[in-house]
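Here, each number is a calculation from the coordinates, and none is a lab measurement. All figures in this text were calculated on a predicted structure; none of them were measured in a lab. Cβ atoms come from the backbone with ideal geometry, glycine included; neighbour counts cover every protein chain shown.
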Amino acid sequence: MKLDTQARARFEALLAEPVLPLDRAALALAAEEYPGLDEAACLDQLEVLASKVRRRVGMTSRTALLLSAVREVLFEDEGFRGNERDYYDSRNSYLNQVLERRLGIPITLSLLLIEVGRRVGLPLAGVAFPGHFLAKLQLGHGPEIFVDAYNGGELLSGEEVEARFKHLVHGREFDARFLDAVAPRQLLSRMLHNLKRIYVEQGDDVRAFWIIDRLLLLDPTAMDEVRDRGLVEARLGLKPAAARDLEAYLAHDPAAPDAADVRSMLETLRAHPALLN
């Protein structure tokens with residue numbers, strides 16, 4: 001089994017840039033699933049959306065007017081919305097498909113909002129709120145404003161976001177860090193973890209494998225991902241690679257809670273030494 005080496009190389013190169021371009025990185029991830037993806041056309045679509053915002057506001061640079069215009073263009077005029085009917089459709093997690101279908105989940109709709117906002121001078125960042133990704137206006141002064149892109153660009157104060165958490169989540173204390181802005185790498189990691197969960201639940205080891213590969217490009221020290229890659233490799237018959245990853249996981253933490261299970265898997269692989277050559 002081989003990954004799309006061009007898509008992988010593009011993603012890896014983008015990670016090495018001084019400022020990670022979130023839009024292009026998200027499209028490089030999508031290119032693995034959609035080999036014919038036209039990145040330039042997708043970027044043009046984002047620019048068209050930004051142009052519609054500019055036409056609406058004219059020459060203004062007032063933050064309130066820009067935010068209002070971005071919300072109106074995306075969620076009213078263009079009809080971007082949360083896919084409530086099929087939330088776990090993997091297409092909701094790919095930016096090219098969000099642009100084409102006008103459907104997404106909180107993180108990809110927030111990504112869309114952030115990228116259109118960036119093009120018109122609106123400083124938005126992602127917020128990895130538990131269970132429901134948000135965007136946040138980055139002003140540096142005054143009260144914070146949060147945007148729920150999944151719910152039509154609804155505006156929320158920090159207090160309202162906290163109240164929503166306490167209403168929906170029981171048995172877990174609210175942490176003010178839930179409202180912190182996240183870097184592009186963290187946003188991409190959460191997107192990939194969403195896809196990983198979908199593909200693992202579907203039993204799609206091939207797609208789970210490439211998702212984990214991208215997660216390890218983002219963070220090569222994520223040993224849980226090294227373990228999971230090893231387990232997927234074993235199921236795919238990539239036994240030498242599986243043994244290397246599982247051995248690396250145990251070498252990093254011999255007393256890991258699942259160390260016995262991992263050793264058992266390694267023993268199974270070693271029971272057929274010819275397969276490890």
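Below is a table of values for the structure above.
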| item | result |
| --- | --- |
| Convex hull volume per residue in cubic angstrom - Cα atoms of the chain | 152 |
| Set of aspartates and glutamates near Lys239 by C-alpha distance (under 13 Å), chain-local residues within fewer than 8 positions excluded | Glu247, Glu267 |
| In Å, descending, principal axis extents of the Cα set of the stretch 1-133 | 51, 37, 29 |
| The stretch 154-206: mean projected area of Cα convex hull, nm² | 5.6 |
| Proximal charge balance of His252 [Cβ under 15 Å; K/R count +1, D/E count -1] | -4 |
| Spatially proximal aspartates and glutamates relative to Lys52 (Cα-Cα < 16 Å; intrachain offsets below 8 disregarded) | Asp44, Glu72, Glu76, Asp77, Glu78, Glu115 |
| Farthest positive-ward along the chain dipole, Cα basis, beta-carbon charges - from Tyr87, Phe11, Pro123 | Pro123 |
| Helical mean residue ellipticity (222 nm; -39500 (n - 2.57) per DSSP H run of 4+; nearest 500) of the chain | -17500 deg cm²/dmol |
| Sites Glu160 and Glu201 - FRET efficiency at Förster radius 25 Å, r taken between beta-carbons, to 0.05 | 0.20 |
| Highest-fluctuation residue, Gly104, Gly158, Gly142 considered, GNM on the chain with Cα pairs under 10 Å | Gly142 |
| Given the chain, longest segment not containing exposed loop trypsin sites (Lys or Arg not before Pro) (DSSP; at most 12 other Cβ within 10 Å) | 173-277 |
| Distance histogram in 5 Å bins (all Cα pairs of the stretch 195-272, percent per bin) | 3, 17, 28, 23, 21, 7, 1 |
